[in-house]
Amino acid sequence: MKPEFTVLMSNYNNERYIAEAIESVIAQTFTEWELIIVDDCSTDDSIKTIKPYLKDKRVKLYRNRSNKGFSHTLKKAIKKSKTEILGILDSDDTLKKEALKIMYNSHLRHPECGLIYSQYVFCNKDMIPLKKGHSAKIPKNDSNINHFCVGPFRTLKETHYQKTGGLDEELSSAQDHDLTFKMEEVSKLFFTDKILYNYRIHRESMSYRLRGRETDYRYRYLATYNAYQRRLNKEIPSITKEKAAETMYKAAMIEKKKKGSKTLEYLEKAMKLSPIKGCDGVPNKIEKSKKTPNAKKGQKTIF
C-alpha cells in the first residue's frame, strides 16, 4: 500500500517510552502511513525495543553514526520520507487513534496551508491526562512569533517545507519555534481544535530538562531574532525592531553568564537595532564599569 502520510520520529535514549509511541501509530484508524524512525546514536536499548516493530513494513529505522541532535535527525527523517504530508511525533509521546485521519483530511481541505497543528493534552509519565494544552488559533493578521500558540503536533506539507531552507542545526533547542516561524513565512497555518496528541511530562525528557533553563531561552531568542531578520521588508507579521533588540540583549546576557564565545556578537546585533535605549533595564545589566590599562577616567568598558 502506497503511504499517504509520514510520521517522523527522532529518538535518543527513549527505550522506556518508544514502544508506546510506535504502537499509537500502528493503532491509527488511518492505515496508509509510514513511520520513519531515526535513532540519534542512543546508548540505551532503544534499538532492541524498536526492532520487533520492523516486521510491519510501514515502520522503517535509520541510525546516525554519531549523536547529531534533534534538528539534524529530524531533517534526515524528512529526507527519507516518501509522502507530501508529514507529521512529527516525539518518541516519548503518543497519538490519539483518529489523529492521522483528521490531520490528513485537514490537509486535503486546506491545500494552501503548509503547517496544520492540533490541540494536545499534558500527561504524566504514565500517560494519564493532566490538563489541556496551550495550542490556539493565531489571531488574524498576527504571527506565532508574538503568541507561541502552536503545539507539539505539527503536520507539514513537504513542498512548503522545502521552501524554508530547513531547520537550523545550530539551535540545540527551540526547534519547534524555528520550524513554525519558517513555515508561516512560506504558507498559511491552520489550527485543528481537537485533542489529537498526548504530551508526556517526565524528568528524562529534553523539554523537562530544559524547562526554565537559560540555555533554552537563549535559543528561543535566537530563533525569534532570525525570524525578524528574514521578515524585514516583507508583508509578514513580525516583532518590532525594539523587541528584536531586546531579545538579543537577553541572549547576550545569558551567553555572558555562561561564559560563551558569542556574547559580543549578540550584543553588537542588539546595538545595531537599538543603540541608545535597547530595552528596559537590559543595557545596565550588561554593561559593567571596569578599569583597563588604556581606559580614561570615567570610561566604561563593556564586558
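Scanning region 129-169 for residues that are in contact with a Cys (Cβ under 8 Å, 6 or more places away or on another chain) and basic (Lys, Arg), which turns out surrounded by the fewest Cβ atoms within 10 Å (Cβ to Cβ)? Let's see the steps before the verdict.
Here is the first cut: in region 129-169, the ones in contact with a Cys (Cβ under 8 Å, 6 or more places away or on another chain) are 129-130, 134-138, 157.
Filter again for basic (Lys, Arg), leaving 137, 157.
Numbers: Lys137: 13, Lys157: 23.
Checked region 129-169; the qualifying residue surrounded by the fewest Cβ atoms within 10 Å (Cβ to Cβ) is Lys137.
Taking region 37-56, which residues are among the polar types (S, T, N, Q) and surrounded by fewer than 17 Cβ atoms within 10 Å (Cβ to Cβ)?
Pass one, region 37-56, residues among the polar types (S, T, N, Q): 42-43, 46, 49.
Selection gives Thr43 alone.
Restricting to region 74-93, name every residue that is in contact with a Phe, Trp or Tyr (Cβ under 8 Å, 6 or more places away or on another chain) and of a type in the set (Ser, Thr, Tyr).
Thr83, Ser91
Taking region 219-250, which residues are among the hydrophobic types (A, V, I, L, M, F, W, C), under 12 Å from Ile145 (Cα atoms) and in a loop (DSSP other than H, G, I, E, B)?
Ile236, Ile239
Does Ser66 satisfy the condition of being in contact with a strand residue (DSSP E or B) (Cβ under 6 Å, 6 or more places away or on another chain) and among the polar types (S, T, N, Q)? Write out each step before concluding.
Details: in contact with a strand residue (DSSP E or B) (Cβ under 6 Å, 6 or more places away or on another chain): no; among the polar types (S, T, N, Q): yes.
No.
Only one residue in Leu35, Leu108, Leu86, Leu115 is part of a helix (DSSP H, G or I) and assigned by TED's automatic domain parsing to the domain that holds Met183. Which one? Reasoning before the result, please.
Values: Leu35 fails: part of a helix (DSSP H, G or I); Leu86 fails: part of a helix (DSSP H, G or I); Leu115 fails: part of a helix (DSSP H, G or I).
Only one candidate qualifies: Leu108.
What's the number of the condition Lys131 fails, among (1) part of a strand (DSSP E or B); (2) in contact (Cβ under 8 Å) with a residue 40 or more places away in the chain?
Lys131 satisfies every listed condition except (2).
Just a yes or no: is a residue in region 101-110 crowded, with 16+ Cβ neighbours inside 10 Å and touching a helix residue (DSSP H, G or I) at 6+ places or on another chain (Cβ under 9 Å)?
Checked against the condition, which is being crowded, with 16+ Cβ neighbours inside 10 Å and touching a helix residue (DSSP H, G or I) at 6+ places or on another chain (Cβ under 9 Å), region 101-110 yields no hits at all.
Can you find, within region 57-69, the residue that is farthest from the chain's Cα centre (by Cα) among those that are loosely packed, with under 13 Cβ neighbours inside 10 Å and not hydroxyl-bearing (Ser, Thr, Tyr)? Lay out the reasoning, then the answer.
Of all residues in region 57-69, those loosely packed, with under 13 Cβ neighbours inside 10 Å come to 57, 65-66.
Narrowing the set further to residues that are not hydroxyl-bearing (Ser, Thr, Tyr) leaves 57, 65.
Details: Lys57: 29, Arg65: 23 Å.
Filtering first and then ranking leaves Lys57.
With the condition kept exactly as written, say whether any residue in region 18-36 is surrounded by 21 or more Cβ atoms within 10 Å (Cβ to Cβ), of a type in the set (Asp, Glu) and more than 20 Å from Glu98 (Cα to Cα).
Taking every residue of region 18-36 in turn, none turns out to be surrounded by 21 or more Cβ atoms within 10 Å (Cβ to Cβ), of a type in the set (Asp, Glu) and more than 20 Å from Glu98 (Cα to Cα).
The values are calculated or read from the model by the stated rules, or taken from the named source; none is laboratory data. Everything numeric in this text was worked out from a predicted model, so none of it was measured. Neighbour counts run over all protein chains shown; Cβ positions are idealised from the backbone, glycine included.
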